[in-house]
Amino acid sequence: MSRKLQNNLFYASVGIAVLICSLILLFLFGIIIWNGLPAISLDFLTNSSTEFGASGGIVYQISGSILLVIFSALICLPLALGTAIFKSEYLKNEKAHKWINTLIYSLNGVPSIIFGIFGLIFFVNLLNMGISWFVGSIILSMMILPTVTLSAYQSINSIPTVYRETSSALGLNKWQVICHVLLPQGFSGAITGLLIGIARAIGETAPIMFIATAFSGVQLPSSFVEPVLTLPTHILALTQQATNPAALQNAWGASLVLVMLVVIFSISALFIRLRHQTISKR
Amino acid sequence: MEQKAIKPNLSVVGKTLKEVIQIKNFQVWIKENHILANIQLSIPKNEITCIIGPSGSGKSTLIRSINRINDGISGLNIQGEIIFNGLSVNDKDVDVAQLRTQIGMVFQKPCVFPKSIKENVLFGIQHLKNLSKLEKLQIAEEHLKTVSLWKEVSHRLNDKAISLSLGQQQRLCIARTLAVKPEVILLDEPTSSLDPVSTRAIEEMMVKLKENYTIIFVTHNIQQAKRIADNLIFICDGKVIEQGPASRIFSCSTNPQTKAYLRDEYCDC
Ligand SMILES: Nc1ncnc2c1ncn2[C@@H]1O[C@H](COP(=O)(O)OP(=O)(O)OP(=O)(O)O)[C@@H](O)[C@H]1O
Ligand SMILES: [Mg+2]
């Protein structure tokens, strides 16, 4: 085989891989938009649902989902940044590093239903907190913690030593170096992690459906220990009544809204990241 | 004003010449390697002391020990004393951050933070909360003028520092170090990544700065040392081979190793 042919073959096979990926994505988006768009109207977005979702809108599902992921991000961010700083600045022992990595990867590998069961047993049964959206946020933050921690760690760890040395040589103490040099950089990494984490968390049903959500009849929570409605659990409920065309229609509509939320989160995270200047390698 | 006029006379007299830093029996090991052996040095005030020596001889290790930037290296072991204005810098109760505000350092490659030019100059004093905006601007102006960068950047203080040329960035780094108001400035081959024009600009700046600061300048470049050094320290293989007034060493060193190095930039010790 000539080298040129080999090159072309290789080029073609990577091209095909990319094409297949994009086609799958386009197909998914296409179907969701095609089926979901007819369901969407201002009324659908601003009214509460009736008849278990077969009619009415999804405003409280939207607000519930947003509430859940925003609080899970708020809980997750300081933990992730703290772990990342500790790991890159204080932990010198190789073995301990390996152990922490193993723990982080294991946490990431835990199936989401296990988080749900854990929440149910620990928070609801043992601590007797009842069905609460805040517990849902805690559970979701545990789920996205590994992703956020690792990306914060990577961006902090990639800061060249000379930046640490330069700032210490200017008389900054360790804490000031962390605040003025490392955290800004870690923050932008954590945002990237959050973007990936939230996109995953907002679509999760299993971890929250026993502990944080109701299926109907709930509006905005007025305390930390009330259930909320969420989009994924709503979609689940609607697909269970798939024989009813109105319910199916609304399921597509809610799915489209869910996808749009993920897109909005991603874009805003991107903006935050762009506005935040970071140390780049030269 | 008068004091300044007196100063040069005093240094001519020589007797009252004050030593800012004294290094006594200083040794460094990194893991099993003996990097510096038995260093005895004294650094006179308001002069430029150049440290020369072949690559790997321990020049960086030596000056990085003075402001304790080396502390972070794992397996570091030291013996002996470095005394700065009567203070033994390796004492347990020394406030290292405070020490580093008195002994500033400029590194080999210009290292600017992802911030504006002005913020970079103020980086070392940003936590002093009681400075007004105007005062900050004045401080930035003062130090940018000292490093003769003011004319070039005065109209774009809020631009990113990374947009400056390498030579300008290095001068910015020096201004940033000066803003902390140190007494001693350590420079580790500050011009080795710069063009000849920027290099000359920094050399001239050093000669002006020594009026107010004590300067320790590591260089690979013997010609450079010839141009700016008042004192010379020649280090080879972790040992001080010769030290003294630069004029004497350059004109009539009696040490065969120094002579060889000054002639061929090569040393087999
Ligand atoms: N972090 C470190 N770990 C292990 N060895 C080190 C470390 N830093 C320096 N050394 C060793 O110490 C010796 C002196 O290094 P140093 O950087 O002080 O030399 P130098 O005179 O500054 O050289 P150059 O002119 O190339 O900068 C070298 O043999 C080097 O390998
Ligand atoms: Mg060096």
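No value in this document is a laboratory result; all are computed from the given coordinates. Just so it is clear, the model here is predicted, and its values are computed rather than measured. Backbone-built Cβ (ideal geometry, glycine too); neighbour counts: all protein chains shown.
Data overview
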| quantity | calculated |
| --- | --- |
| Whichever lysines have a C-alpha closer than 22 Å to that of B:K145, once near sequence neighbours (fewer than 8 apart) are set aside | B:K4, B:K109, B:K115, B:K118, B:K133, B:K136, B:K160, B:K181, B:K208, B:K210 |
| FRET efficiency estimate (nearest 0.05) - Cβ-Cβ, A:V110 to A:S216, R0 22 angstrom | 0.15 |
| About the Cα centre, charge dipole magnitude for chain A (Lys/Arg +1, Asp/Glu -1 at Cβ), debye | 1300 debye |
| Average beta-carbon neighbours from other chains, 10 Å sphere, peptide B:65-74 | 2 |
| Backbone N within segment B:224-238 under 17 Å of label point (7 Å from B:Q108 Cα along the Cβ vector) | B:235-238 |
| Fewest-first sequence of A:C76, B:C173, A:C179 by Cβ atoms within 10 Å of each Cβ | A:C179, B:C173, A:C76 |
| Segment A:1-151, Cα convex hull volume normalised per residue, Å³ | 222 Å³ |
| Cβ-based charge dipole, the protein assembly as shown, positive-most Cα from B:I216, B:H127, A:V177 | B:I216 |
| Averaged over B:106-114, number of beta-carbon atoms from partner chains that fall within 10 Å | 5 |
| Residue-span extension gain [A:S223 to A:N157] - 0.36 nm each, minus C-alpha spacing | 19.8 nm |
| Exposure proxy ranking, count of Cβ atoms within 10 Å, fewest first, for A:W252, B:W29 | B:W29, A:W252 |
| Unit charges on C-beta of K, R, D, E only; dipole of chain B, Debye | 580 debye |
| Long-range tail of P(r) for segment A:42-281 (Cα pairs > 23 Å, %) | 55 percent |
| Computed [θ] at 222 nm, helices only, for the protein assembly as shown once each DSSP H run of length n ≥ 4 contributes -39500 (n - 2.57) | -16500 deg cm²/dmol |
| Rounded to 5, the percent of DSSP beta bridges in chain B classed as antiparallel | 60 percent |
| Alpha-carbon centroids, segment B:94-156 and segment A:129-151: separation in whole Å | 42 Å |
| Cut-off 14 Å between beta-carbons: net charge of the residues surrounding B:Q102, Lys and Arg +1, Asp and Glu -1 | +2 |
| A:A246-A:N101 FRET efficiency (beta carbon distance; Förster radius 51 Å; 0.05 resolution) | 0.55 |
| Note, ³J(HN,Hα) from phi for segment B:152-165, Karplus 6.51, -1.76, 1.60, rounded to Hz, x at Gly and Pro | 6, 10, 4, 8, 9, 4, 9, 6, 5, 5, 5, 6, 7, 6 |
| Candidate lysines - alpha carbon under 18 Å from B:K92, same-chain residues fewer than 8 apart omitted | A:K174, B:K24 |
| Relative contact order [Cα under 8 Å, 6+ residues apart], segment A:200-256, whole percent | 28 percent |
| Charge sum, other residues only, whose C-beta stays under 13 Å from A:F115's C-beta, Lys/Arg counted +1 and Asp/Glu -1 | 0 |
| Residues A:F118, A:F10 arranged by fewest to most Cβ contacts within 10 Å | A:F10, A:F118 |
| Translational diffusion coefficient (Stokes-Einstein; Kirkwood radius from C-alpha pairs) of segment B:214-265 at 20 °C, 1.002 mPa s, in µm²/s | 191 µm²/s |
| Debye intensity ratio in log₁₀ form over the Cα atoms of the protein assembly as shown, taken at each q of 0.10, 0.12 Å⁻¹ | -0.92, -1.11 |
| Within-14-Å neighbourhood charge of B:D237 [Cβ basis; K, R +1; D, E -1] | 0 |
| DSSP beta bridges in the protein assembly as shown [antiparallel fraction, %, rounded to 5] | 60 percent |
| Whole-Hz ³J(HN,Hα) from phi, Karplus 6.51 cos²θ - 1.76 cosθ + 1.60, for segment A:257-266, glycine and proline x | 4, 4, 4, 4, 4, 4, 4, 4, 4, 4 |
| Relative packing of A:145-157, B:44-56, B:64-76, which averages over residues the other C-beta atoms within 10 Å, highest first | A:145-157, B:44-56, B:64-76 |
| Point-charge dipole on Cβ atoms (K/R +1, D/E -1) for the protein assembly as shown, about Cα centre, debye to 20 | 1160 debye |
| Surface/4 estimate of mean projected area, convex hull on alpha-carbon atoms of segment B:84-185, nm² | 7.3 nm² |
| Estimated FRET transfer efficiency when R0 is 25 angstrom, pair B:K239-B:K92 (beta carbons, to 0.05) | 0.35 |
